[in-house]
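To keep things clear, I will list the structure first and then write my remarks on it.
The values are calculated or read from the model by the stated rules, or taken from the named source; none is laboratory data. Note that the structure is a prediction, hence the values are computed from the model and not measured. Here the Cβ positions follow ideal geometry from the backbone for every residue, glycine too, while neighbour counts run over all protein chains shown.
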Amino acid sequence: MRIIAGSCRGRRFDAPKGTTTRPTSDFVRETAFNLIGPVDEAAVLDLFAGSGGLGLEALSRGAGRCVFVDADRAACRTIGANLDRLGLVGTVLCQDVMRALASERGSYDLILADPPYDFARYDGLAPHLTRILAPDGLVVVQTAAAVEPVLEGLTVRTSRKYGSARLTLFER
């Protein structure tokens, strides 16, 4: 996998070994950031981060800071190694996403979420995302193409299918 644009454009990064992580393809990442637009100086939260590809892309494109959250220790080690390899700075929280969100007190301009395709706890996720999303912020959720996530309290800006994946963008 590689960074699509920004200061690290074309540089490669790794995904965790095994089958527990489903990295976002280069095409879907590029499409997501075309929909998101500029992220200059944005505060970014990358949930269910896996390899960290979405957050790494945001940092490469000029985001001010990024917090990566994943419960899998191998994924957290991989994100740390990817940050080091690319010369980027971010914070890695190796803990359950719901637990991390429950204790989060910051505000984020961009929240990226790529949960496992069998994830079904959007009703539990929504109140936390609504609370920490900046007034003009954006939440991007990647799901299986057949799934149309609902985040109570947020409005769908757009929802588009790309092969087996769907990107849904939410705003206040």
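Suppose we filter 158, 143, 130 for residues that are surrounded by 13 or more Cβ atoms within 10 Å (Cβ to Cβ), assigned to a strand (DSSP E or B) and either modelled with pLDDT under 95 or among the hydroxyl-bearing types (Ser, Thr, Tyr) (or both); which single one remains? Step by step, each of 158, 143, 130 is checked, and only 143 is surrounded by 13 or more Cβ atoms within 10 Å (Cβ to Cβ), assigned to a strand (DSSP E or B) and either modelled with pLDDT under 95 or among the hydroxyl-bearing types (Ser, Thr, Tyr) (or both).
Show me the helices (runs of 4 or more DSSP H) entirely contained within segment 3-90 in which 2 or more residues are surrounded by fewer than 21 Cβ atoms within 10 Å (Cβ to Cβ) and at pLDDT 95 or above.
Fully inside segment 3-90 and qualifying: 26-36, 73-86.
Picking from residues in segment 96-106 that are surrounded by fewer than 18 Cβ atoms within 10 Å (Cβ to Cβ) and within 15 Å of the chain's Cα centre (by Cα), the one that is farthest from residue 72 (Cα to Cα) is 98.
For segment 107-157, give me each residue that is among the small types (Gly, Ala, Ser) and free of Cβ contacts under 8 Å to residues at least 40 places away in the same chain. Listed by number, the residues that qualify are 120, 124, 126, 137, 144, 145, 146, 153.
Looking at segment 101-121, which of its residues are of a type in the set (A, V, I, L, M), under 12 Å from residue 132 (Cα atoms) and in contact with a strand residue (DSSP E or B) (Cβ under 7 Å, 6 or more places away or on another chain)?
Once the filter is applied, which keeps residues that are of a type in the set (A, V, I, L, M), under 12 Å from residue 132 (Cα atoms) and in contact with a strand residue (DSSP E or B) (Cβ under 7 Å, 6 or more places away or on another chain), segment 101-121 yields 110, 111.
Taken as a whole, the structure places residue 119 among residues that are among the aromatic types (Phe, Trp, Tyr), surrounded by 17 or more Cβ atoms within 10 Å (Cβ to Cβ) and under 23 Å from residue 145 (Cα atoms).
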